[in-house]
Amino acid sequence: MEINEKYELVLKAYNNAYAKYSKFNVGALVILKNGDYFLGANVENASYGLSNCAERSALFATYSNGYRKEDIEELVLIGKSDEFLYPCGACRQVILELMMPNSRITLFRLDKTYKKVYVKDLMPFIFSERDLDAK
Ligand code: THU
């Protein structure tokens, strides 16, 4: 997918955010290898702790529709930040389980500037399914 289209789609997700408490919109876009995609936005709740981040919304939509990590080409994010908006700690844990380590994440600023990082660079020393099998 071309970079302008990624920006337009992830901005659409950003504008769909239900962020009535924080007023902080975040948009996410999962692009599949087959060219399909899923949008995700943060969805908040009056019981604040029940709020869901954009990254998890997009990845859960992807999995809910039957796709798995092997099907995912890339995750795209957009949010307001002086630097770039990086996924929160909870989302990093989820991203590391639901995406391949060598997949890319494109981080957009609102002004369309962007940078790319690898999933595997998000977090060292992770807890994963392997730990559950430890003897
Ligand atoms: N948020 C995300 O959606 N993704 C992140 O990586 C950081 C935080 C949301 C959660 C909450 O709705 C709002 O941004 C403010 O924290």
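Cut-off under 18 Å on the C-alpha distance; same-chain residues fewer than 8 positions from K116 excluded. Which aspartates and glutamates are left, in chain and number order?
Cross-link targets: E2, E5, E8, E55, E73, E74, D82, E83.
Calculated from DSSP H runs of 4 or more alone, at -39500 (n - 2.57) each and per residue, what is the 222 nm mean residue ellipticity of the chain, nearest 500?
Values: 4 runs with 39 residues, N = 135.
Only helices count here, giving -8500 deg cm²/dmol.
Select from A41, A54, A19 the residue whose mean-square fluctuation is largest in a Gaussian network model of the chain (Cα-Cα springs shorter than 10 Å).
Comparing A41, A54, A19 in the GNM, the peak value goes to A19.
Using a Gaussian network model on the chain with a 10 Å cutoff between Cα atoms, which of Y86, Y114, Y48 fluctuates the most?
For the chain, modelled as a Gaussian network with Cα springs under 10 Å, the answer is Y48.
Over the chain, with a Gaussian network built from C-alpha contacts below 10 Å, which listed residue (D111, D121, D36) shows the highest mean-square fluctuation?
D111
Through the Karplus equation 6.51 cos²θ - 1.76 cosθ + 1.60, θ set to phi - 60°, convert the phi angles of region 61-72 into ³J(HN,Hα) values in whole Hz; use x for Gly and Pro.
The phi angles translate into 4, 4, 5, 5, 9, x, 8, 10, 3, 5, 8, 8 Hz.
Out of every Cα pair in the chain, what percent are spaced more than 27 Å from each other?
16 percent
Accessible area per residue for region 18-135 in Å², computed with a 1.4 Å probe and the full protein assembly in place, what is it?
Per-residue accessible area for region 18-135 comes out at 57 Å².
Taking the Cβ of A90 as the centre, find all other residues whose Cβ is under 14 Å away and add up their charges (Lys, Arg: +1; Asp, Glu: -1).
Value of the local net charge: 0.
How large, in percent, is the carbon and sulfur part of the accessible surface of region 3-132 at a probe radius of 1.4 Å?
After summing per-atom areas, the C and S share lands at 52 percent.
The values are calculated or read from the model by the stated rules, or taken from the named source; none is laboratory data. Since this is a predicted model, take the numbers as computed values, not measurements. Virtual Cβ from ideal backbone geometry, glycine too; neighbours counted across all protein chains shown. When the accessible area is computed, the model is the full protein with side chains, heavy atoms only, and any ligands, DNA or RNA have been set aside. Shrake-Rupley method; radii C 1.70, N 1.55, O 1.52, S 1.80 Å.
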